[in-house]
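Below is one structure; the comments refer to it alone.
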Amino acid sequence: MISRLHDPEHNRWACQIKRTGGCRQPIHLRGKVEHYDRATGRLLHRYSTRHEPNGVLRVACKTRRASRCPACAEVYRADTYQLIRAGLVGGKGVPETVSTHPCLFVTLTAPSFGTVHTRREKNGKVLPCHARRDAEVCPHGRTMSCTKRHRADDPSLGEPLCPDCYDYDGSVLFNAISPELWRRFTLALRRRFARLNGLTVKALREHVGIAFAKVAEYQRRGVVHFHAVIRLDGPDGPDSPPPTWAMADTLEEAVRHAADVVTAEVKPLSRTFRWGTQLDVRRITMDGDLTEQAVAAYIAKYATKAAECVGTLDRRIQPLDDLEALPVRDHARRLIAACMRLGSEPGLADLRLTHWAHMLGFRGHFSTKSRRYSTTLGALRAAREEHRRTEEIATGRLPLFDEDTVLVVAHWQYAGQGLSLGEQLLAAALTGVPVPSAGGGPR
Ligand SMILES: [Zn+2]
Ligand SMILES: [Zn+2]
Ligand SMILES: [Zn+2]
């Protein structure tokens, strides 16, 4: 920390760190960018990291995972919020009239893989977890009853009453196949909605578009479920109103039907998976119980949470890792072990369970949307870069060139990642983002 403070290049270093916005694990890049005049080939401007502190440029890691870098995850969360919100009320290139389109907020859950400890409330009172008067005794000698009123922070929540009865294989296979189940759900939904309106899917497309945005969330038992915004548009996406006969009621009916009928199969094991019976469908309205703001905030909240909130690891598990020694709860360990075991079966190679063991089998994206839902995260990022560039040109830090007449040649090389312990303290002082309690050092 002292050597960094006394370094003659400290100011430039501090400037780099401020620009990463408090990133906990900035990426170090070595390289150069050259601007050439397209017509004459003359070099107009050159930037090289050679003159930067330690010869590297430090840039934000842009991770989505709050456990790795709270500052970058916050940027991602805010972007996701804007993206979801634009699809509900307009903005970012989406017209405000989109708020008049019929729109549903749908939660699709996973089926049961065994009884787990739960906390339920009724009229503000916590109910007993799983009270059964004449409860069965399982083959492992455990009584399938739990009369405890679990506290909200009880670590046993989401864990099975009998781990030996629990279907760990089913749980990780469901996670692995859930993106396919979602895809089939969207197809079945379109088919059903078309049929309810007396049309073929092809004919429907000429009048109505169905747009989706969804996030995956881990339940405490370690299985994913999906929250989705499903909206009716006209044939040209959010810019066009849906015809008056395309109604939220019919859309809801189609959602319920599709959620009920779709299946996805893991053929080598002859196992078929479907959604759980708990399906929640609600209308999104400007002034009702469920407002656009609430939905966008809710979805964005999950965009930065991954499986580690279930108590697993936030990194890949290596084949040589000792499963017994991993710092995770027994339930997570069993889920990871199921991934490693099933992942070694040749017939299941496609599911890449070993690779995604730390995600408990889920290898899908956390937030996805159909092409026409609203803007894209890429567009939001590009807008921010453009803003920053304009600012730099205005303050004289970057020369102003006409994009079409200038050739930009860039060479970049990865040169490491992270901050030393002393640097972390300085970065915290510069950016106001607190120092992590453990880890986060250079790698
Ligand atoms: Zn970061
Ligand atoms: Zn219990
Ligand atoms: Zn048992």
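The values are calculated or read from the model by the stated rules, or taken from the named source; none is laboratory data. Source: prediction; values computed, not measured. In this analysis, Cβ positions are derived from the backbone assuming ideal geometry, glycine residues included, and neighbour counts consider all displayed protein chains. Each accessible area value is taken on the protein alone, full model and side chains, heavy atoms only, with ligands, DNA and RNA left out. Shrake-Rupley method; radii C 1.70, N 1.55, O 1.52, S 1.80 Å.
Answer with one residue from Leu269, Thr186, His207: the one whose Cα lies farthest towards the positive end of the charge dipole of segment 178-277, charges on Cβ with Lys, Arg +1 and Asp, Glu -1.
Value: Leu269.
Which percent of the accessible heavy-atom area of segment 174-307 goes to carbon and sulfur, probe 1.4 angstrom?
Reported share for carbon and sulfur atoms: 48 percent.
Anyone know which of Ile210, Ile317, Ile299 comes out most mobile in the 10 Å Cα GNM of the chain?
In the Gaussian network model the winner is Ile317.
Using 1/(1 + (r/R0)^6) with R0 = 30 angstrom and r between the beta carbons of Met340 and Thr263, what's the FRET efficiency to the nearest 0.05?
Efficiency, from the Cβ-Cβ distance: 0.70.
For Thr107 paired with Asp287, estimate the spin-label separation in nm (one decimal), with each label point 7 Å from Cα along the Cα-to-Cβ line.
That separation, rounded to one decimal, is 2.7 nm.
Roughly how many Å² is the accessible area per residue of the chain, as a whole number, for a 1.4 Å probe?
I get 52 Å² per residue for the chain.
Would you be so kind as to identify which of Cys165, Cys146, Gln82 lies farthest towards the positive end of the dipole of segment 71-207, taking Lys and Arg as +1 and Asp and Glu as -1 on Cβ and the Cα centre as origin?
Gln82
Can you tell me the length gained on complete extension of the stretch Leu425 to Leu187, counting 0.36 nm per residue apart and subtracting the Cα distance?
Gain in length upon complete extension: 80.5 nm.
Against the longest alpha carbon principal axis of the chain, how many degrees, from 0 to 90 and to the nearest 10, is the axis of helix 330-343 turned?
Orientation of helix 330-343: about 80 degrees from the principal axis.
I need the calculated FRET efficiency for the pair Arg132 and Glu180, taking r as the beta carbon distance and R₀ as 30 Å, to the nearest 0.05.
That gives a FRET efficiency of 0.25.
Given 37 °C and 0.692 mPa s, how large is the Stokes-Einstein diffusion coefficient of segment 124-229 in µm²/s, with Rh as the Kirkwood radius over Cα pairs?
After rounding, the answer is 186 µm²/s.
Taking the 0 to 90 degree range and rounding to the nearest ten, how far is the long axis of helix 421-431 tilted relative to the main principal axis of the chain, both from C-alpha atoms?
Helix 421-431 sits roughly 90 degrees off the main axis of the chain.
With charges set only on the Cβ (+1 for Lys and Arg, -1 for Asp and Glu), what does the dipole of segment 25-133 come to about its Cα centre, in debye to the nearest 20? Can you show the working numbers first?
On the way: 20 positive and 7 negative charges, 119 e Å.
It comes to approximately 580 debye.
If a/c stays under 1.5 just call it rounded; otherwise compare a/b with b/c (prolate if a/b is bigger, oblate if not). Do that for the chain, with a ≥ b ≥ c from the square roots of the Cα gyration tensor eigenvalues.
Oblate is the answer for the chain, as a/c is 1.5 or above yet b/c matches or exceeds a/b.
What accessible surface, in Å², does a 1.4 Å probe find on Leu57, ignoring ligands, DNA and RNA and rounding to the nearest 10?
40
Run lengths n ≥ 4 of DSSP H only: what is the helix-derived mean residue ellipticity at 222 nm for the chain, with -39500 (n - 2.57) per run over all residues, to the nearest 500?
Computed ellipticity for the chain at 222 nm equals -10000 deg cm²/dmol.
Highest GNM mean-square fluctuation, the chain, Cα pairs closer than 10 Å: which of Ala297, Ala213, Ala131?
Highest fluctuation among the options: Ala131.
When the chain is modelled as a GNM with alpha-carbon springs shorter than 10 Å, which of Asp236, Asp280, Asp350 fluctuates the most?
Asp350
With a 1.4 Å probe and every protein chain kept in, tell me what percent of the accessible surface of segment 1-128 is carbon plus sulfur.
Details: 3370 of 6540 Å².
Result for segment 1-128: 52 percent of the exposed heavy-atom area is carbon or sulfur.
How many nm is it between the label spots at Cys15 and Asp236, if each spot is 7 Å from the Cα in line with the beta carbon?
Result for the modelled spin labels: 4.7 nm.
Provide the gained length on full extension for the span Asp249 to Asp167, in nm with one decimal, where the gain is 0.36 nm per separating residue minus the Cα-Cα distance. Don't skip to the answer; put the middle values down first.
Details: separation 82, 0.36 × 82 = 29.52 nm, distance 3.66 nm.
Computed gain between Asp249 and Asp167 is 25.9 nm.
In degrees, nearest 10, range 0 to 90: what is the angle between the Cα axis of helix 248-261 and the longest Cα principal axis of the chain?
It works out to around 70 degrees.
Enumerate the aspartates and glutamates that Lys267 could reach by cross-link, defined here as Cα to Cα under 16 Å, with residues fewer than 8 away along the same chain left out.
Filter leaves Asp169, Glu180, Glu345, Asp350.
Given Thr405, Leu360, Thr285, which one lies farthest toward the positive end of the charge dipole of the chain, if we put +1 on the Cβ of every Lys and Arg and -1 on the Cβ of every Asp and Glu?
It is Leu360.
Using a 7 Å offset from the Cα along the Cα-to-Cβ direction at both Val201 and Thr368, what is the distance between the two label points in nm, to one decimal?
Here the answer is 1.6 nm between the modelled labels.
Size of the dipole of the chain about the Cα centre, Lys and Arg at +1 and Asp and Glu at -1 on the beta carbon, nothing else charged, in debye to 20? Could the numbers behind the result be given before it?
Numbers: 66 positive and 48 negative charges, 73 e Å.
So the magnitude is around 340 debye.
At 0.36 nm per residue, minus the direct Cα-Cα distance, what do Glu74 and Asp350 gain on full extension? Give it in nm, one decimal, please.
Full extension from Glu74 to Asp350 adds 96.1 nm.
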